[in-house]
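Worksheet: the structure to be examined is printed underneath.
The values are calculated or read from the model by the stated rules, or taken from the named source; none is laboratory data. Keep in mind that what you see is a predicted model, and the values were worked out from it rather than measured. All Cβ positions, glycine included, derive from the backbone under ideal geometry; neighbour counts span all protein chains shown. In case anyone asks, the SASA skips ligands and DNA or RNA and just uses the protein heavy atoms, side chains included. Shrake-Rupley method; radii C 1.70, N 1.55, O 1.52, S 1.80 Å.
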Amino acid sequence: MYGPVKDELAATLGEIRAAGLYKNERELTTPQSAHVRTRTADSLNFCANNYLGLADHPDVVAAAKAALDEWGFGMASVRFICGTQTQHTRLEQRLADFLGTEAAILYSSCFDANGGVFEVLFGEGDAIVSDELNHASIIDGVRLAKAMRYRYRNADMADLRAQLVAARDAGAHRVVVVTDGVFSMDGSYAPLPAICDLAEEFGAMVLVDDSHAVGFVGAGGRGTPELFGVADRVDILTGTLGKALGGASGGYVASHGEVVELLRQRSRPYLFSNSVAPAVVAGSLAALDLVANSGQARERLARHTALFRTLMGAAGFDLLGDDAHPHPITPVMFPGEDGARRAAEVADHMLGSGVYVIAFSYPVVPKGRARIRVQLSAAHTEDDVRACVAAFVAARDAVG
Ligand SMILES: *Cc1c(COP(=O)(O)O)cnc(C)c1O
């Protein structure tokens, strides 16, 4: 009987609204792209994870369409019963080859990959040492494991060392250091060389979730380990097909052969959730083909990111991120007491003028650190980038 629960839930929803945290979804009436249409207006899109513009790329769409005819619509099975087509195995091999690992295993999402990887590999007596800004799915996945848990301050190598000492003193057997390759609210990179150094000093493994990097970071698009030259020192990679690699859905763990083999035997989201849909597998394979030849798109993306940073800096905006290694996630900061309100008003004003950006405030980011997170894409043009900057300036003038 629903009864009193209805009123309780309504009260909770009221609290979310009153706190200004209610998320309204704007419906697109177009494919995902640099230019989208919402119900009310045409917009330049600066808030998608569509870094290489593959979400509506004709080759990806064509591959997915052809797969519907060749492979059908759904698998109606998990992988180990009758849900593995030759192309599922091919995609896993392609991912492993691309990332330079011995093997890879597909999940329905990277959320599931992170939900299924820790429990299998790290049990009682082991230790997981995790960056405080890691993605929600890592936090949940770590909670499911029986291992001891240690958290270090974001990218703080002194604190990582202290936590590794604590894990060693507690007699931990297997130890793993876990980090996002890129922290999505800040557009900052994990200091992977220093992390690998510390991990080696303490005999720990390294796991990197490279969801916001795979496909476009590093000269070959192989992600943060490639960017920092530490690909052979990272033991486990997790990542998503739902961002740069076509943006549909799916995730993976890429790692040593035994790791992947054991995950196939024991990982619960892999064993008990349906196979990735055939059209998504085919589209993702096409996306990986494109990524291999996307040097120019990666250069264009880097140019757009640099142009945006230069123009916004000149206009007096305060940006996060590292000018030496700029990531296309570019947070525009609205610090202070009324920053959350100003960020929200600027974002609203910009949307009104046809530039789609989203403001983030507490509790998604720390109090007093509100921001508008701009995400550049290779699918934008230089004029799009300039239009985004102009919209920021006009909105700041209007909001005050
Ligand atoms: C987006 C993201 C995920 C979730 O990926 P899905 O495939 O959409 O579930 C996991 N980890 C990180 C770091 C992400 O940015």
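For region 58-291, take the alpha-carbon Rg, divide it by the Kirkwood Rh, and send me Rg/Rh.
Ratio of gyration radius to Kirkwood radius: 0.98.
Evaluate the charge dipole of region 58-291 about its Cα centre and quote only its size in Debye, nearest 20, assuming +1 on the Cβ of each Lys and Arg and -1 on the Cβ of each Asp and Glu.
Dipole size: approximately 520 debye.
Hey, what's the Kirkwood Rh for region 314-354 if you take every pair of different alpha carbons, in angstrom?
Here the Kirkwood hydrodynamic radius works out to 11.7 Å.
Which percent of the accessible heavy-atom area of the chain goes to carbon and sulfur, probe 1.4 angstrom?
52 percent
Using all Cα-Cα distances in the chain, what percent lands in each 10 angstrom bin from 0 up to the longest?
5, 21, 29, 27, 15, 3, 0
Counting only heavy atoms of protein chains, what accessible area per residue, in Å², does region 239-279 have with a probe of 1.4 Å?
Accessible area per residue, region 239-279: 39 Å².
What percent antiparallel are the DSSP beta bridges of region 58-291, to the nearest 5?
Roughly 40 percent of the DSSP beta bridges within region 58-291 come out antiparallel.
For region 160-177, what does the Karplus curve 6.51 cos²θ - 1.76 cosθ + 1.60, with θ = phi - 60°, yield as ³J(HN,Hα) per residue in whole Hz, taken in order and with x for Gly and Pro?
With coefficients 6.51, -1.76 and 1.60, one gets 4, 4, 4, 6, 5, 4, 4, 5, 5, 5, 7, x, 4, 7, 7, 10, 10, 9 Hz.
What nm distance separates the two modelled labels at GLU102 and GLU27, each placed 7 Å from Cα along Cα→Cβ?
Label-label distance for GLU102 and GLU27, simple model: 5.0 nm.
Between PHE80 and GLU200, what length comes free when the chain is fully extended (0.36 nm per residue of separation minus the Cα-Cα distance, one decimal in nm)?
That pair, PHE80 and GLU200, stretches by 39.7 nm at full extension.
How far apart, in nm, are two points set 7 Å out from the Cα along the Cα-to-Cβ line at MET333 and at VAL393?
Roughly 2.3 nm, to one decimal.
Which whole-angstrom value gives the distance between the alpha carbon centres of region 70-101 and region 114-163?
A separation of 29 Å, based on Cα centres.
Under 4 °C and 1.567 mPa s, how fast does region 257-352 diffuse according to Stokes-Einstein, given a Kirkwood radius computed over C-alpha pairs? Answer in µm²/s, whole number.
Rounded, D is 72 µm²/s.
Can you list the HN-Hα couplings for region 42-57, worked out from phi with the Karplus curve (6.51, -1.76, 1.60; θ = phi - 60°), rounded to whole Hz and with x for Gly and Pro?
Along region 42-57, the couplings run 6, 9, 7, 9, 10, 9, 9, 8, 8, 4, 9, x, 8, 4, 10, 5 Hz.
Expected output is a single nm value to one decimal: the length gained when fully extending between ASP232 and ARG386, i.e. 0.36 nm times separation in residues minus the C-alpha distance. What is it?
Between ASP232 and ARG386, full extension yields an extra 51.5 nm.
Looking only at GLU92, GLU337, GLU15, which one moves most when the chain is put into a Gaussian network model with springs between Cα atoms under 10 Å?
For the chain, modelled as a Gaussian network with Cα springs under 10 Å, the answer is GLU15.
Just order 186-195, 141-150 by mean Cβ neighbour count inside 10 Å, highest at the front, would you?
Ranking the peptides 186-195, 141-150 by packing returns 186-195, 141-150.
How far, in nm, would the chain grow between ALA158 and MET1 when pulled straight, counting 0.36 nm per residue and subtracting the alpha carbon separation?
51.2 nm
With an 8 Å cut-off on Cα pairs and a minimum separation of 6 or more residues, tell me the relative contact order of region 58-291 in percent.
Relative contact order comes out at 31 percent.
Compute the distance in nm between two label points, each set 7 Å from the Cα along the Cα-to-Cβ direction, one at GLU124 and one at PHE272.
Each label point lies 7 Å from its Cα, and together they span 2.1 nm.
What translational diffusion coefficient, in µm²/s and rounded to a whole number, does the Stokes-Einstein relation yield for region 120-216 at 25 °C and a viscosity of 0.890 mPa s, taking the hydrodynamic radius as the Kirkwood radius over Cα pairs?
It diffuses with D of about 184 µm²/s by this estimate.
In debye to the nearest 20, how big a dipole does the chain give about its Cα centre with +1 on each Lys and Arg Cβ and -1 on each Asp and Glu Cβ?
Roughly 580 debye, rounded to the nearest 20.
Need the list of lysines near LYS23 for cross-linking: C-alpha distance under 28 angstrom, and skip anything on the same chain fewer than eight residues off.
The reachable lysines, counting only those whose Cα sits under 28 Å from LYS23, are LYS6, LYS243, LYS367.
So the label point goes 7 Å from the Cα of THR40 along Cα→C-beta, right? Which residues of region 345-381 then have their backbone N under 11 Å from it?
348-354
Assuming 1.002 mPa s and 20 °C, estimate D for region 329-400 with Stokes-Einstein, Rh taken as the Kirkwood radius over Cα pairs, in µm²/s.
Answer from the Stokes-Einstein relation: 175 µm²/s.
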